[in-house]
Each structure stands twice: as structure tokens, then as C-alpha cells.
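Peer 1: One structure follows; several queries about it will come next.
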Amino acid sequence: NAGVTQTPKFQVLKTGQSMTLQCAQDMNHEYMSWYRQDPGMGLRLIHYSVGAGITDQGEVPNGYNVSRSTTEDFPLRLLSAAPSQTSVYFCASSYGGLAGGHEQYFGPGTRLTVT
Amino acid sequence: AQSVTQLDSQVPVFEEAPVELRCNYSSSVSVYLFWYVQYPNQGLQLLLKYLSGSTLVKGINGFEAEFNKSQTSFHLRKPSVHISDTAEYFCAVSDGRGAQKLVFGQGTRLTINP
């Protein structure tokens, strides 16, 4: 199993540009989430999905869109990049419910810089 | 809503010394508690978790944590650290209904000196 994969690893954008961060998992997990990590702030939830076709907002959703058309993929779209979106982005997946132990599996991250 | 406070942003210790990383949480409902570790330039890896049952939880790499409901704490301990334990450690909480919605603390950077 590759686990959770993210592409690209690094990206530099200019203010106003759009892009999609890719996330895929091969563990047949129901739940997938996107977090951003900023120094001194830990990780904050952007959007999450409890299954194909179902998404919801997390703590910091503004400026980001998501969709979940398949179980495996959960892309994160930046509509019009701003310097405040400079961060490291992590995708995570997990089984649903107590039987899955609630452990989230994290990808290696995408480091995004917006100039 | 839940929140998590990690009381130390940085903890330097000598190799083979014991260490405790502190975590306090607030929540109006029952919670699940987690410690994750992030090695340099990597994603997060689960160290241990408390879902129910025994309040002393053992994890990987010799770490353990104790859930204290009355003090709303979930401190992480290791009796003897190694250089390879140098990493950032995150405490996290979820309310069980949305276990995929983790709320993280700010992180504690553990530095091991030889």
C-alpha cells in the first residue's frame, strides 16, 4: 500500500493564481480531511469528507474548495491564492467509526508559497 | 467546541533523561485523545491514543500517556529519550461524533542533546 499520497511536494504561486493540491489514498478509507500547518498554530482543519459525494467545512475553509467524486481522491482547490495561504498542507484519511480506531493516516505534505 | 493547549513550545533534554510533554484540553463532551509525532520534513504519525478503558495508554517507541479526566490532561512521557526522538509532538482531541475532525494543540518541539 502506498498509503496517503500528495502531489506536488512543493509549489510556488503568485497572488491570484489558482491550483489544485492532489490527495489520494489506497486504503479504502471512508473519511478524508485537509489540514494546514502554520508555525505555532499546530494543524487546522480546512475541509473534510465522510464519503464520496459528501464534504463539509472545517475550522478554516475560506478560500478553499473540495469535492469527493471517488473514495480514493480528495483534491483541494485554491481559487485565488493569497499570501495568507502560504503554509504546509496535509491530507489525512481514516476508517469511519470506533471500529477503525479513529486513527488518521497523514500524507507527506505539500509546501505552498504564495508571493 | 474543543480546544487543546500544549504548555511548552520547546523542550530540550539530555539523551537518556526522562521527558514529559504536557497537554491540557477543554471539551463539554466525552473526547478521544491522541498524540502524533512529526519528524523533520515528514507527515504526522500516530504515537498513541485514548478512546476508552485504562487511563494509562502505551504507544510506539516507548512512549506512554495518562488520561486524567478531573484535570483534563493527557501528558506524554518517556522514561529515557534517544537522539532519534527529536521531533515535534502534537496533542489532538476529537469528540467522537466527528473523529475525523481533529483539533490540534500548537505542538511541542522536543530536542535531545547528547
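The values are calculated or read from the model by the stated rules, or taken from the named source; none is laboratory data. None of these values were measured; they are calculated from a predicted model. Neighbour counts are summed over all protein chains in view; Cβ atoms, including those assigned to glycine, are modelled from backbone coordinates with ideal geometry.
Condition check ((1) over 17 Å from B:Val103 (Cβ atoms); (2) in contact (Cβ under 8 Å) with a residue 40 or more places away in the chain) across all residues:
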{"site": "B:Gln6", "(1), (2)": "no, yes"}
{"site": "B:Glu16", "(1), (2)": "yes, yes"}
{"site": "B:Val19", "(1), (2)": "yes, yes"}
{"site": "B:Arg22", "(1), (2)": "no, yes"}
{"site": "B:Tyr25", "(1), (2)": "no, yes"}
{"site": "B:Ser30", "(1), (2)": "no, yes"}
{"site": "B:Tyr39", "(1), (2)": "yes, yes"}
{"site": "B:Leu44", "(1), (2)": "no, yes"}
{"site": "B:Ile60", "(1), (2)": "yes, no"}
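Peer 1: Additional query: If a residue has to be over 19 Å from A:Leu112 (Cβ atoms), more than 10 Å from every other protein chain (Cβ to nearest Cβ) and assigned to a strand (DSSP E or B) to count, how many in region A:46-56 make the cut?
Peer 2: 3
Peer 1: Here is a further query. Which residue is nearest to the other protein chains (Cβ to nearest Cβ), if the candidates are limited to region A:1-45 and must be outside any strand (DSSP E or B) and closer than 25 Å to B:Val4 by Cβ?
Peer 2: Among residues in region A:1-45 that are outside any strand (DSSP E or B) and closer than 25 Å to B:Val4 by Cβ, the one nearest to the other protein chains (Cβ to nearest Cβ) is A:Gly42.
Peer 1: Checking B:Ile83 against (1) in contact with an Asp or Glu (Cβ under 7 Å, 6 or more places away or on another chain); (2) surrounded by 13 or more Cβ atoms within 10 Å (Cβ to Cβ), only one condition comes out false. Which one?
Peer 2: Every listed condition holds for B:Ile83 apart from (2).
Peer 1: Could you grab me the full set of residues in region A:72-103 that are away from chain B (no Cβ under 13 Å) and at pLDDT below 95?
Peer 2: Matches in region A:72-103: A:Leu79 only.
Peer 1: Only one residue in B:Leu48, B:Leu33 is crowded, with 19+ Cβ neighbours inside 10 Å and touching a helix residue (DSSP H, G or I) at 6+ places or on another chain (Cβ under 9 Å). Which one?
Peer 2: B:Leu48
Peer 1: Given the criterion touching a Pro at 6+ places or on another chain (Cβ under 9 Å) and either loosely packed, with under 15 Cβ neighbours inside 10 Å or of a type in the set (Val, Ile, Thr) (or both), identify the matching residue among A:Thr71, A:Thr7, A:Thr86, A:Thr115.
Peer 2: A:Thr115
For (1) part of a strand (DSSP E or B); (2) in contact with a strand residue (DSSP E or B) (Cβ under 8 Å, 6 or more places away or on another chain); (3) at pLDDT 90 or above, each residue gets a yes or a no:
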position	(1), (2), (3)
B:Ser30	no, no, no
B:Leu46	yes, yes, yes
B:Ser52	no, no, no
B:Glu66	yes, yes, yes
B:Gln71	no, yes, yes
B:Ser80	no, no, yes
B:Glu88	yes, yes, yes
B:Val93	yes, yes, yes
B:Arg97	no, no, no
